[in-house]
Structures are given as structure tokens and as C-alpha cells.
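> Before anything else, here's the structure in question.
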Amino acid sequence: MRKQTKSYTVDGNPLSMWLPWWFRPSRLLLGASLPAVLLFSLSPHSMSQSKAQALYGTPDMILGIFVVLVLALAAMVGESRIFPQLFGGFIDKHSSQARLNSLQHTPPRIVEALLSPKLDWILMGVFVGAHIVFFRGFFMNPGLIAGVLGGNLELKHSFKTIPGVTTWTQVAIVLGALRGLRWSGILPGKVKLISVFHLVFFGTLFIRAVLWSERLALIEGVVPFFVCAMPRIGRSIRPTGKFLLQFFPLVVPILLLLMFTSFEALRSWQSNSAEHSNVFVFGWKRLFTYYYEALNTGAAIIQVSGFYDSITMPMGTKEYDQVFEGLYQGTLDEEFNNGSGIWHLAVLTGNLFLIPSLLVLGSFMGSTYRAFREGRLFGLLYPIVFLEIVEILRIHYWAGTNRVLPATVVILVILAWSLTVKSRVRIKSTHRSEPAPATPPNYEPIGN
């Protein structure tokens, strides 16, 4: 029996949604990443609490500035209409969304209208199941929780992860994005901000951040939700609120410091309280050390690779890990081990392929932003890009595939599923030669 014809509408044109300037990758790189590179590069090593040898120097600062500028330039290209104009013909022939559009000029986001909220519950099942395995040590011995909260960090390291199982805890990135898009009204489904679903989701990430001192896991759930919720926030707030939101990047360091200090106080304040006048000074110095030592680690690996001495080829992941571990056994401080985002990428690509790699990555960043603004499913990758830029001094997400692999796999499955929509949806239109209507035409699922 054929289901009743339905329609899905979204307020306004997706291209007209209001977003603050720092949502655009090129501007975020120039307005936040570049100042961060300069700030930490010009800070004295004596401010760091690390026992590592100071290796970061002027050549490394120049390389960091160069990488950010090239990424920003390439992102501008991706954000523009250059790619749609160049590859429009190819897309029209091969994209199911384009085939739908050809039936009625541009019916907005029909594919997205079919993305059921049931997917969220499936992903939640994967998320919770993976975390149950992740927390299995604490379930079997609840008394260890008090030990970890008391500052015994060695306890958490006794609980081993299971590759291929606990890795799926990282599905939080795409799950947070989907919930944010549904709350914004861009994807179908009525989602309440305060709900059991969200309490379980964010509560699990909070517990993980406490017991494993993995604050990044909480950030990777909150930030994608916040990014994808911004279209609704932009529609809801007044002009004064929009004006203030433009300065949000200035508030982020304060929020980061407060969050970091709160978790770090549980983790190591007792063993460090004698060295600091108060917990906020302690938190600030620890936070600075983590970011500064990421630069220092990058400088150390760059020097070992011979990046500045001669032409270097891409370095394999296995070789990189060996160099990384070797440096932390001797020259660097294992307590503040960070892979280093910008300089990590430079080593992996080698100086021979650095510029082409940056152009591709920057264009990809800009393209995901444009897809996000247009409400296309490819825009699901944008929250990962946003995280990549925000943490560009410490982590290169697309090289650390264990962090983004589950989310990327889910997004690719969604994109592959979208290609089948043409065979399952019939577009009903009686005036194909007229301009596209303000709301999408009706559609009927086929085969039900």
C-alpha cells in the first residue's frame, strides 16, 4: 500500500542562513589559527612546565604561518562557486541529488528529508555499547573510580581498549552533528534540547572525560552539536546577540581554561598544589604547556625528518610512530605528548608534496562549509573540519584516522544511501517549466 504523500519544508533558503564570520574556514584560519601560531611561537619556553628540550624555533614558526596561509587561500576557493561551475556538468550526470533537481529545477533537500531520526537511535546503540566495553574495568571493580578521582592516573591505563570495538566510541562526532541538525530544523525530526537522549549522550562523554582524563572526547561531542545548531541559534537571537556572537572566539579561551582547569584539578592538583599559588594559575600553566609542547614536538620530528635540509618524501605512519616514540623516550616529555597538527602534516606529506596536499585539504575544508550552508549531506563532514581547524596546533584529524574513522564511515554510508533515493522517490510536478517554488514539491516513497 502506498503511503500518503508528504512534504518537507525548511524555513527560508539554506544559503540565506545567518552564520558568524568564524564559521567560514578561511576566516577561522586567519582570525584564530594564525594568531594562535604567533602567540605560542613568540612565548618563551620557560613558561612551559614540560621537562622537554626546547627545539621549537623561527623556521618552525615560519612553516606554521605558511601552512595556515595556504590552507586559508585554498579554503577560500572551496567556499566559492568555482568548483560547482567547473564540475557542474559532471555532477549533473552522476549525482542523484542533481537528477532530482533536474525534475523540478531545485527542490530543496529532498534527500535530507528522508533521513529518518531512527538513524540517531541506531548510532546511540553503537555509542553506548562501545562505551560499556570501554568502561568494563570500572563495572567489574567500581572501587577503582575513587582511585582515579583521587589522582591515581595509572589505574585507567590498566584498562586496555579493544581495537575495532572501543574505537566506535568516536561515532559521537557524527551523532552530535545529526542531533544539532535536527534541533535546528535542517533535518527532519522534533528534537528537544533537554531530553533523555541528550542526557545519556553528553553524560557518557562527561564521565569518559573524568575517568580517562579525555577532555577531547567531550569536546568532540559538544562542538559538532553546537556547530550544527548554529542555524537555529542565528534565527532565534536578536541583532544584539548576533553582534556579540561575532566575538565568541575571544570567549573560547576562557571557557577552555575553565573546563580544562576543572578536569585537571581532579586529575593532578593534589600532586602539584605546592608548586602553584592557586588552582587557576595551575590550570593556565598546564594548558599552555600542552599547546606549546605540541609545537615543540612538531619541531623535533621536523628536524629528525630532514625537512629543512633537503627534499623529503612522505613519511609512513609506522615510521612516524617510531620517531615519535623515540623522541619521547629521550628528548621530549612523555606527560605532554601531542602529535602536533600542522607540523605533523608537514612530516607526513614531506616538503615535496606539502603544498599540493595543503591545497587539496584547504579546498576540501571550504567545500564542506559550502555544503553545510546549502544543507547538503556532504556538509556532515564540516563539523570534523571545524574541529580540525580549532585543534590545528595539536591534532591533525584526517591523519589520526582512529579518531574520525567511525564518524567518516557513517557519513560515507549516508552519502552512498543518498545515491539510491532516485530509485525510491517519485517527484510529482505539473509545471516543470516554471521557476522552482519556495517550498519543495511533494514526494512519494516507492515500494511500500
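> In the stretch 236-268, how many residues are more than 26 Å from residue 27 (Cα to Cα) and among the hydroxyl-bearing types (Ser, Thr, Tyr)?
3
> Here are 265, 294, 217: which of them is aliphatic (A, V, I, L, M), farther than 29 Å from residue 407 by Cβ and in a helix (DSSP H, G or I)?
Every option except 265 fails the conditions.
> Identify, by number, the condition in (1) modelled with pLDDT of 95 or more; (2) outside any helix (DSSP H, G or I) that residue 52 doesn't meet.
So the condition that residue 52 fails would be (1).
> Sticking with this structure for a sec: From the set of residues in the stretch 298-348 that are among the hydrophobic types (A, V, I, L, M, F, W, C) and over 19 Å from residue 57 (Cα atoms), which is surrounded by the fewest Cβ atoms within 10 Å (Cβ to Cβ)?
Within the stretch 298-348, the match that is surrounded by the fewest Cβ atoms within 10 Å (Cβ to Cβ) is 311.
> Right, another one. Does residue 309 fit the bill of being free of Cβ contacts under 8 Å to residues at least 40 places away in the same chain and either closer than 25 Å to residue 222 by Cα or more than 21 Å from the chain's Cα centre (by Cα) (or both)?
yes
> Scan 200, 223 and give me the residue that is under 20 Å from the mean Cα position of the chain (by Cα), among the β-branched types (Val, Ile, Thr) and either surrounded by 14 or more Cβ atoms within 10 Å (Cβ to Cβ) or modelled with pLDDT of 95 or more (or both).
Numbers: 200 fails: under 20 Å from the mean Cα position of the chain (by Cα).
Checking each option against the conditions leaves just 223.
> Considering only the stretch 371-388, state which residues are charged (D, E, K, R) and within 16 Å of the chain's Cα centre (by Cα).
Residue satisfying the conditions is 388 alone.
> Taking residue 310 and the conditions (1) part of a loop (DSSP other than H, G, I, E, B); (2) closer than 23 Å to residue 396 by Cα; (3) of a type in the set (Gly, Ala, Ser), which numbered condition does it fall short on, given that it satisfies the others?
Checking residue 310 against (1) part of a loop (DSSP other than H, G, I, E, B); (2) closer than 23 Å to residue 396 by Cα; (3) of a type in the set (Gly, Ala, Ser), the one that fails is (2).
> What residue, of 196, 174, is touching a helix residue (DSSP H, G or I) at 6+ places or on another chain (Cβ under 7 Å) and among the aliphatic types (A, V, I, L, M)?
Going through 196, 174 in turn, just one is touching a helix residue (DSSP H, G or I) at 6+ places or on another chain (Cβ under 7 Å) and among the aliphatic types (A, V, I, L, M): 174.
> Among the residues of the stretch 326-348, write down those that are in contact (Cβ under 8 Å) with a residue 60 or more places away in the chain and among the aromatic types (Phe, Trp, Tyr).
336, 343
> Taking the stretch 171-197, which residues are under 24 Å from residue 130 (Cα atoms) and surrounded by 23 or more Cβ atoms within 10 Å (Cβ to Cβ)?
Result: 172, 173, 174, 175, 176, 177, 178, 179, 180, 181.
> In addition: Against the condition among the small types (Gly, Ala, Ser), more than 21 Å from residue 226 (Cα to Cα) and modelled with pLDDT under 95, how does residue 32 come out, does it pass?
no
> Let me ask something else about it. Considering only the stretch 349-392, state which residues are among the charged types (D, E, K, R) and not in a helix (DSSP H, G or I).
374, 376, 391
> Follow-up question, since we're still on this one. For the subset of the stretch 360-384 comprising residues that are in contact with a Gly (Cβ under 9 Å, 6 or more places away or on another chain) and of a type in the set (A, V, I, L, M), which member is surrounded by the fewest Cβ atoms within 10 Å (Cβ to Cβ)?
If we take residues in the stretch 360-384 being in contact with a Gly (Cβ under 9 Å, 6 or more places away or on another chain) and of a type in the set (A, V, I, L, M), then 371 is surrounded by the fewest Cβ atoms within 10 Å (Cβ to Cβ).
> Read through the list (1) in contact with a Phe, Trp or Tyr (Cβ under 7 Å, 6 or more places away or on another chain); (2) modelled with pLDDT of 75 or more; (3) farther than 27 Å from residue 381 by Cα, then give the number of the only condition that residue 135 fails.
(1)
> Let me spell it out: the conditions are (1) within 30 Å of residue 357 (Cβ to Cβ); (2) at pLDDT 85 or above, and residue 259 meets all of them except one. Which number is the exception?
Going through (1) within 30 Å of residue 357 (Cβ to Cβ); (2) at pLDDT 85 or above one by one, residue 259 breaks only (1).
The values are calculated or read from the model by the stated rules, or taken from the named source; none is laboratory data. All of these numbers come straight from a predicted model, not from anything done at the bench. Cβ: placed from backbone, ideal geometry, glycine included. Neighbour counts: every protein chain shown.
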